[in-house]
Amino acid sequence: MTDLFAAIRDTQPPRENLGEGAVLLRDCVGTDEQALLADLRIIVKAAPFRHLVTPGGHTMSVAMTNCGRVGWVSDARGYRYDPVDPDSGKIWPSMPPSLRNLAARAASEGGYTDFAPDACLINRYKPGAKLSLHQDKDELDLGAPIVSVSLGLPATFLFGGLTRNAAQKRYRLTHGDVVVWGGPSRLAYHGVAPLPEGEHPVMGAQRINLTFRKTR
Ligand code: MD6
Ligand code: FE
């Protein structure tokens, strides 16, 4: 299985432009992986994954948690960045250097220097989970990019345009891939197709996605 994933990865170009200001960096996590996974386990213990409810009353199939100064939450009142985890009443776990430094390095490889995220949304997809087409527009600083790290099972990422009905391109995101996007693409519609069944040699039957944001 490991060899199959490696074989697929080796046929990919190291970087691919998704749109103006948006680039896909293949296998960008590299040797940061062990420290990253160890720190993720600590975060998830302190702030477990949960299925948020949208303002429309729909329970999301993706389970979420956060680290950093603020975390992204959704409930009947709407979407917002909140310093407090509503499940525990405590502040979110801080963003460890392993995560922060990976985000800054990827941003810089993507052409954005001095990226200083204050929030990291952590998404967990089990087979069947999906993320409907959306824009990320709850951040006050739309000048900063978002850095998105994929771990575990491969997923199909849908990348559209600035309107909901613009044509979408599909990209296969695999373990260790990073997408950096900002500039003219910052408000592009995007989503994730339902995750196929599978077993990843490191992560098991799931995909984890980290999105680093500068919210203010
Ligand atoms: C995901 N990602 O890949 C979901 N948003 O699981 C996102 O929604 C996303 O990858 C903004 C910027 C990059 C992303
Ligand atoms: Fe998003």
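Derivation of every value follows stated rules applied to the coordinates shown; laboratory data play no part. Predicted, not measured: the structure shown is a model, and the values here were computed from it. Here the Cβ is made from the backbone with ideal geometry for all residues, glycine too, and neighbour counts use every protein chain on show.
Worth pointing out:
- Of S61, S148, S94, the one that fluctuates the most in a GNM where the chain has Cα springs shorter than 10 Å: S94
- Cβ-defined net charge surrounding M64, 9 Å radius [Lys, Arg +1; Asp, Glu -1]: +2
- Trypsin sites (Lys or Arg not before Pro) lying in DSSP loop within the range 1-83, provided at most 15 other Cβ fall within 10 Å: R77
- Most mobile of A76, A46, A193 in a GNM of the chain (Cα contacts under 10 Å): A76
- Note: relative contact order over the chain, using C-alpha pairs below 8 Å and six or more positions apart, is 24 percent.
- Amide H contacts of N66: I122, each under 5 Å away and 5 or more positions distant or on a separate chain (H built 1.01 Å from N in the peptide plane; Pro and chain starts excluded).
- Residue among D141, D118, D87 with the largest mean-square fluctuation in a Gaussian network model of the chain, springs linking Cα atoms under 10 Å: D87
- Charged side chains reduced to their Cβ positions (Lys and Arg at +1, Asp and Glu at -1) give the range 109-156 a dipole of some 480 debye around its Cα centre.
- Approximate shape of the range 1-104 as ellipsoid semi-axes (Cα gyration tensor, √5λ), whole Å, largest first: 30, 18, 15
- Proxy reagent accessibility, fewest Cβ within 10 Å first, across E16, E197, E139: E197, E16, E139
- Computed from the alpha carbon atoms alone, the convex hull of the chain holds 115 Å³ per residue.
- Magnitude of the charge dipole for the chain, about its Cα centre and with charges confined to Cβ atoms of Lys, Arg (+1) and Asp, Glu (-1), is about 440 debye.
- Phi angles across the range 139-150 convert, under the Karplus curve 6.51 cos²θ - 1.76 cosθ + 1.60 with θ = phi - 60°, into 3J(HN,Hα) values of 8, 6, 9, 7, x, 7, x, 10, 10, 10, 10, 9 Hz, Gly and Pro given as x.
- Förster radius 22 Å - calculated FRET efficiency between E197 and T11 (Cβ-Cβ, nearest 0.05): 0.45
- Magnitude of the charge dipole for the range 77-122, about its Cα centre and with charges confined to Cβ atoms of Lys, Arg (+1) and Asp, Glu (-1), is about 60 debye.
- Its residue count N fixes a reference of 2.2 N^0.38 Å for the range 67-134, and the Cα radius of gyration divided by that reference is 1.30.
- Centre separation in Å (Cα based) which lies between the range 16-85 and the range 114-137: 5 Å
- Coarse-grained scattering of the range 170-213 at q = 0.15, 0.17, 0.28 Å⁻¹, given as base-10 log I(q)/I(0) from a Debye sum over alpha-carbon atoms: -0.49, -0.62, -1.30
- Fully extended contour minus Cα-Cα distance, from L142 to T31, at 0.36 nm per residue: 36.9 nm
- Overall form of the range 102-171 per C-alpha gyration tensor (a/c, 1.5; a/b vs b/c): oblate
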